[in-house]
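Accompanying notes for the structure given below.
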Amino acid sequence: MHGPWLPRAPPPQALDAAERALVLELLTSPTYRDLAIGQVWARELDEGRYWCSISTMYRIARAAGQVRERRRLATHPARVRPELVAHGPSEVWSWDITALKGPTKGIWFKCYVILDIYSRYVTGWLVAAAEDAIVAKGFLDDAINRNGSPPHTVHADRGGAMVSKPVSELLVDLGVLRSHSRPRTSNDNPYSEAQFKTLKYMPDFPDRFGSLEDARAFCDRFFMAYNHEHRHSGIGMHTPASVHFGTAEQIRAQRQVTLNRAYAEHPERFTRRPRPPKLPDSAWINQPVDQPQPTL
């Protein structure tokens with residue numbers, strides 16, 4: 001006959017109830033409650049604090065009924081296949097133009113954005129009253145000048161400004177290769193599409209902008225935070241600016257110091273010695289099928 005059933009003891013690496021409560025308090029704090037859990041983990045690690053693994057944070061949130069998206073999300077309703085690869089910053093840039101609703105029906109502003117597909121760094125942005133080839137040329141020229149060097153390739157879709165003569169002449173003069181998406185194929189420009197989705201699903205993204213100045217002020221705040229504060233899962237939970245300007249490996253080393261300290265204090269909580277996320281080897285637009293898919 002078997003003896004009475006006894007509850008299984010928690011594994012030695014498990015957090016105790018008080019520690020789990022502290023993690024939940026952290027996740028629901030005013031500082032972090034609107035951020036994804038991966039963002040909280042990375043930002044705390046960069047401050048020299050290790051609480052637990054990302055997966056443990058998710059389990060604690062799930063147990064508290066917060067398994068769904070924690071942030072307040074706004075709700076809104078054959079040519080050659082381009083294949084481009086970047087192994088570091090300033091190799092391949094992607095750019096596009098999206099429409100922003102103005103103060104009344106029929107009024108639209110145009111938001112030009114160019115970003116580096118490897119670092120995800122927004123090298124230039126502009127909000128204008130309309131889409132214009134001369135404006136686009138000046139926008140690209142300014143982004144390249146501020147970057148300090150031109151990229152190897154610039155990729156865009158086939159909008160009027162993108163294929164215009166002023167833009168084409170500028171890139172030819174600079175020795176920059178041009179790449180374009182196939183017609184009606186949004187997946188050919190995935191980094192720009194993903195970045196615009198991030199912009200428009202921000203909790204405070206308005207249904208309409210009251211003026212051109214309002215749209216510019218919003219975008220100024222957004223792109224500053226996107227470049228310098230947002231930790232991106234596709235680049236090892238670093239900020240785009242850190243990867244673009246070469247400080248990510250130093251930050252990764254600092255993260256390792258924090259993880260080593262956490263491991264030394266509580267080795268029983270780890271199945272293996274913890275390592276911070278790695279930077280990607282490459283970033284692709286339409287990589288061949290034998291290449292791993294990037295995280296956008």
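The values are calculated or read from the model by the stated rules, or taken from the named source; none is laboratory data. Everything numeric in this text was worked out from a predicted model, so none of it was measured. Note: ideal-geometry Cβ built from the backbone for every residue, glycine included; neighbour counts use all protein chains shown.
Could you please find all residues in the range 103-149 being assigned to a loop (DSSP other than H, G, I, E, B) and within 25 Å of Ala241 (Cβ to Cβ)? Ile117, Tyr118, Ser119, Arg120, Tyr121, Gly148, Ser149, listed by residue number. Within the range 125-147, is there a residue that is at positive phi and not polar (S, T, N, Q)? Checked the range 125-147: no residue is at positive phi and not polar (S, T, N, Q).
Looking at Met202 and the list (1) modelled with pLDDT of 95 or more; (2) surrounded by 14 or more Cβ atoms within 10 Å (Cβ to Cβ); (3) more than 22 Å from Leu84 (Cβ to Cβ), which single condition is not satisfied? Only one criterion is unmet by Met202, namely (1). Within the range 211-261, the set of residues being β-branched (Val, Ile, Thr) and farther than 29 Å from Glu91 by Cβ comprises Val257, Thr258.
Among the residues of the range 161-196, those identified as at negative phi, over 18 Å from the mean Cα position of the chain (by Cα) and assigned to a loop (DSSP other than H, G, I, E, B) are Ala161, Met162, Val163, Ser164, Val176, Ser181, Arg182, Pro183, Thr185.
So which residues in the range 241-273 are of a type in the set (Lys, Arg) and either surrounded by 14 or more Cβ atoms within 10 Å (Cβ to Cβ) or not in a helix (DSSP H, G or I) (or both), if there are any at all? Those that are of a type in the set (Lys, Arg) and either surrounded by 14 or more Cβ atoms within 10 Å (Cβ to Cβ) or not in a helix (DSSP H, G or I) (or both): Arg252, Arg255, Arg269, Arg272, Arg273. In the range 234-253, the qualifying residues are those that are within 13 Å of the chain's Cα centre (by Cα) and aliphatic (A, V, I, L, M), and the one that is nearest to Ile285 (Cα to Cα) is Ile235. Tallying residues that are at pLDDT 95 or above and among the aromatic types (Phe, Trp, Tyr) within the range 267-296 yields 0. Annotation note: of Arg43, Arg72, Arg49, the sole residue that is among the basic types (Lys, Arg), under 30 Å from Thr28 (Cβ atoms) and modelled with pLDDT under 90 is Arg72.
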